[in-house]
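Quick note: the coordinates plus some simple rules give every number you see, no bench work behind them. The structure presented is a predicted model; accordingly, all values stated were derived computationally and were not measured. For neighbour counting, all protein chains shown are included, and Cβ atoms are generated from backbone atoms with ideal geometry for every residue, glycine included.
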Amino acid sequence: MADINKVLRLVNGVPRGVSTKTNSMVVNSLKVGIGEAELTEDLVNKISSINGFIKVFAEVDWVLNIDNDYELLILQSEHLLGTTPSVIVEELEGSDYVQVETVVKNNSGDIRILINSDLRFVGRVLVKY
């Protein structure tokens, strides 16, 4: 059994000592209940092993930009991993996450993920050193 606050901090990149609130998107994507969570060892290891930042997103989180592409923006001040982190984007397919190819632009640590408007999806972004 894993501590839900520890898991939410790992998933949302919240530093220790900062209060967390249960986010329904995170709770649904991790398949956890309110309060304590029963997580598979594999999922806990995946979250811990990234040694970075994970952001879970929904279809509605994609924002239409001026070029008619949809984008997700993660500021460097949000992930706190410097100006040149590596980025992996994964789509949620059933109960599994699958890595997808997207256009990722890194401008001084601010990460912009771009996709065609017809391809919006639910997933997560893994950012690490």
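How charged is the neighbourhood of residue 77? Take every other residue with its Cβ under 14 Å from the Cβ of residue 77, and add Lys/Arg as +1 and Asp/Glu as -1. Net charge around residue 77: -1.
With the cut-off at 1.5 for a/c, could you classify segment 64-103 from its C-alpha gyration tensor as rounded, prolate or oblate? Because a/c hits 1.5 or more and a/b fails to exceed b/c, segment 64-103 counts as oblate.
Would you please classify the overall shape of segment 53-129 from the alpha carbon gyration tensor, given that a ≥ b ≥ c denote the square roots of the eigenvalues, rounded means a/c under 1.5, and beyond that prolate means a/b larger than b/c while oblate covers the rest?
Here segment 53-129 falls in the oblate category.
Among 64-70, 110-116, 83-89, the peptide with the highest mean count of other Cβ atoms within 10 Å heads the list, and the full ranking is 110-116, 83-89, 64-70. As a calculated quantity, the FRET efficiency between residue 68 and residue 101 at R0 = 25 Å, using C-beta atoms, amounts to about 0.80.
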